1. What is the number of the single condition among (1) over 14 Å from Leu272 (Cα atoms); (2) assigned to a strand (DSSP E or B) that Leu334 does not meet?
2. Taking region 33-81 as the search range and keeping residues that are free of Cβ contacts under 8 Å to residues at least 12 places away in the same chain and under 23 Å from Ser136 (Cβ atoms), which one is surrounded by the fewest Cβ atoms within 10 Å (Cβ to Cβ)?
3. Determine the pairs where a residue that is among the charged types (D, E, K, R), located within region 279-307, has a partner that is open to solvent by 70 Å² or more (accessible area, probe 1.4 Å) and not in a loop (DSSP other than H, G, I, E, B) with Cβ atoms under 8 Å apart, the partner being 6 or more residues away or on another chain.
4. Counting only residues that are assigned to a loop (DSSP other than H, G, I, E, B) and of a type in the set (A, V, I, L, M, F, W, C), which one in region 89-104 is surrounded by the most Cβ atoms within 10 Å (Cβ to Cβ)?
5. Which number in (1) open to solvent by 20 Å² or more (accessible area, probe 1.4 Å); (2) touching an Asp or Glu at 6+ places or on another chain (Cβ under 7 Å) marks the one condition that Thr247 misses?
6. Going through region 322-341 one residue at a time, which ones are farther than 24 Å from Ala307 by Cβ and modelled with pLDDT of 95 or more?
7. Which helices (runs of 4 or more DSSP H) sit wholly inside region 153-238 and have at least 1 residues that are under 23 Å from Gly140 (Cα atoms)?
8. Would you pick out the residues in region 126-163 that are of a type in the set (D, E, K, R) and at pLDDT below 95?
Amino acid sequence: MTPIRLDVQTPSRAYPIHIGTQLLTDRSLYPGTITPHNTIVVTNEVVAELYLEPVLHTIGPGTRQFVIADGESHKTLDTCGELLDAMLGHHLGRDCTLIALGGGVVGDLTGFAAAIYQRGINFVQVPTTLLAQVDSSVGGKTAVNRPLGKNMVGAFHQPLAVITDLSTLDTLPQRELLAGLAEVIKYGLLGDARFFDWLDANLSGLLAREPDLLAEAVHVSCAHKARIVAQDEREAGIRALLNLGHTFGHAIEAHLHYQGWLHGEAVATGMLMAADMSAREKRISAAARDRIESMLERAGLPTRPPAGLDAEQMLNFMRGDKKNLGGQIRLILLDEIGQACLSADYGTESLLATLNHFCVA
C-alpha cells in the first residue's frame, strides 16, 4: 500500500503518524536526531523474537536494547525503574532517544520513562499490535499501573513520531487482533456513526485480516484520535470521550491484577456496560444497545465481566477513576451510536442496575 501520513498538532509538539507496510526498516521515517550510540530500543520478549534485530540494524551498530517480560502485569514502577537504571548505567544524557517497539504496555512504559528521565527526553512509538496502532501510540498518554488502579501514575509526553507498520499485524495472535478491534469499534461509537456502520458491514473481512480493510480501520481510527488530541491534549474536555468503556474496563483489569484479560477485552465489556446504562437512562434505545452487543459478540469479544467480580467490588474500583471529581463517578455515556458525552448527571439507580445485571459474584 502507499504509505499514509497523518500529522498530530498539539501545543507541546507536532509529529507525524506514518501508516503503511514494511515501515520498520525505513530509516528515513525515524527522526534524524537519532544516532545508534544514544538510542535504546525497548520491547518485550515476544516482539523481540520477531522484530528487534531488524530495528536495531536499521538504526545502526551500537544501538542498545532493553527487553521486558510480556504482559500488562509488568507495566509497573519496578520495571520502569529497571529501564531508568539501565539508561543511567549507559551514561545516557538528555539527547538520548527511546524507541518503543511493541504494544500498549511497551509504549506506555517507554513513554513514561522518557517523560521522567532527566525531566524529559525524546521517544518514538513503533506499535506492533492493532490496539497500540489505533489508540495508545497516539496522543502522548504514558503511565504505569498500581494495584488499586490502572494508569494512575503517568504523564502527558508526546512522541517524536509514530511509525505504524501494518505488516506486524501478520504475526499478531487472533486474540490480540480482536482486542484491538474493540478500540476501533470505540471510535465509531463515540463520534462516527458512519464508521460504525462500515465496521458492521466489513467485520468479517476485518476478522479475516483483509489488508485494505485493516489499513482503512487504522487510518480512520488514527485520524479521529489525532483530531481529538489536537483539540484537547491534556484531557480537560473532549479527549475524555476516548475513555468510553474504560471506567468499567479498568475496574475489571484491576480486579484481575492485570492478568488474564487483555485491555481491549475489558474495554469491550465496559463499552457494553456503558451502552446498557445509557439505555437505562433513556439516552439510547434498547435496539441500539442490542446492536452494540451483537457487534461485540460477532467480533469474538467478551461482553460480561469475569465471574467473581460483584457489583460492590466493581463500584469500589470505579471510585478511583481519574475522571472522577469531588467523589462523583463520571462516565462516558452514549446519546446515540456515534455520539458520546462525559456525564455525572445520571441516576445512581441506573448505574447500580447495570452493575447488578452484569456482575456475578
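The values are calculated or read from the model by the stated rules, or taken from the named source; none is laboratory data. Just so it is clear, the structure is predicted and the values come from calculations on it, not from any experiment. All Cβ positions, even for glycine, are placed from backbone atoms using ideal geometry, and neighbour counts span all protein chains on display. For accessibility, only protein heavy atoms count, side chains too; no ligands or nucleic acids. Shrake-Rupley method; radii C 1.70, N 1.55, O 1.52, S 1.80 Å.
1. Unmet condition: (1).
2. First, the residues of region 33-81 that are free of Cβ contacts under 8 Å to residues at least 12 places away in the same chain: 49, 53, 78, 81.
Then keep just the ones that are under 23 Å from Ser136 (Cβ atoms); that gives 49, 78, 81.
Values: Glu49: 12, Asp78: 8, Gly81: 12.
In this case the residue turns out to be Asp78.
3. Arg283/Glu336
4. Step one: list which residues in region 89-104 are assigned to a loop (DSSP other than H, G, I, E, B), which gives 90-96, 103.
Filter once more, so that each one left must be of a type in the set (A, V, I, L, M, F, W, C): 92, 96.
Numbers: Leu92: 20, Cys96: 22.
The residue in question is Cys96.
5. Status for Thr247: all satisfied but (1).
6. Step one: of region 322-341, the residues farther than 24 Å from Ala307 by Cβ are 322-328, 330, 332-341.
The answer is Ile332, Leu333, Leu334, Asp335, Glu336, Ile337, Gly338, Gln339, Ala340, Cys341.
7. Details: elements: 174-191, 193-207, 211-231.
Ranges flagged: 174-191, 211-231.
8. In the first step, residues of region 126-163 are kept if they are of a type in the set (D, E, K, R); the result is 135, 141, 146, 150.
If the condition is that a residue be of a type in the set (D, E, K, R) and at pLDDT below 95, then Arg146, Lys150 are the ones that fit.
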